[in-house]
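Data block below; observations after.
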Amino acid sequence: MTEIKHLNNEKTGAFEIYYDGQKAGEMTYTWAGKDKFIIDHTAVDKAFGGKGLAKDLVFAGANYARENDKKVIPLCTYAKATFDKYNELKVVLF
């Protein structure tokens with residue numbers, strides 16, 4: 001069972017993912033104004049690899065952007081590759 005928590009202090013933020021109650025990884029971002037944020041890092045602990053958790057984090061960020069009328073700039077190479085791969089995410093790209 002996974003759970004994603006969103007932390008946002010209005011300057012930076014993170015989506016943390018938990019797998020069976022243990023923190024497995026996070027995706028961090030920095031706000032670039034009030035209407036967009038820059039995804040700067042996505043990482044999942046090797047012990048939780050192969051479960052699609054990093055992809056879940058990117059999708060969580062994209063869903064947050066869509067639901068809150070925000071745009072995303074994916075500077076993190078993993079996030080950028082995920083945005084490139086899934087057309088449904090592109091609607092939130094800046």
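The values are calculated or read from the model by the stated rules, or taken from the named source; none is laboratory data. Note that the coordinates shown come from a computational prediction; the quantities given were computed from them, not determined experimentally. Every residue, glycine among them, receives a Cβ derived from its backbone with ideal geometry; neighbour counts consider all protein chains shown. In case anyone asks, the SASA skips ligands and DNA or RNA and just uses the protein heavy atoms, side chains included. Shrake-Rupley method; radii C 1.70, N 1.55, O 1.52, S 1.80 Å.
What the table shows:
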item: Trypsin sites (Lys or Arg not before Pro) within region 29-94: DSSP coil, no more than 11 neighbouring Cβ in 10 Å; result: K34
item: Value of [θ]222 nm, deg cm²/dmol, for the chain, DSSP H segments ≥ 4, -39500 (n - 2.57) each, nearest 500; result: -8000 deg cm²/dmol
item: Share of carbon and sulfur in the accessible heavy-atom surface of the chain [1.4 Å probe, %]; result: 51 percent
item: Whole-Hz ³J(HN,Hα) from phi, Karplus 6.51 cos²θ - 1.76 cosθ + 1.60, for region 84-94, glycine and proline x; result: 5, 7, 10, 4, 5, 7, 5, 5, 9, 5, 7
item: Relative counts (whole %) of C-alpha pair distances in the chain, using bins that are 10 Å wide; result: 18, 54, 26, 2
item: Label-point separation, D45 to L75 (7 Å along Cα→Cβ), nm; result: 2.7 nm
item: Those residues of region 53-85 whose amide nitrogen sits under 16 Å from the label point placed on D20, 7 Å along Cα→Cβ; result: 53
item: Accessible area per residue, Å², the chain with all protein chains present, probe 1.4 Å; result: 59 Å²
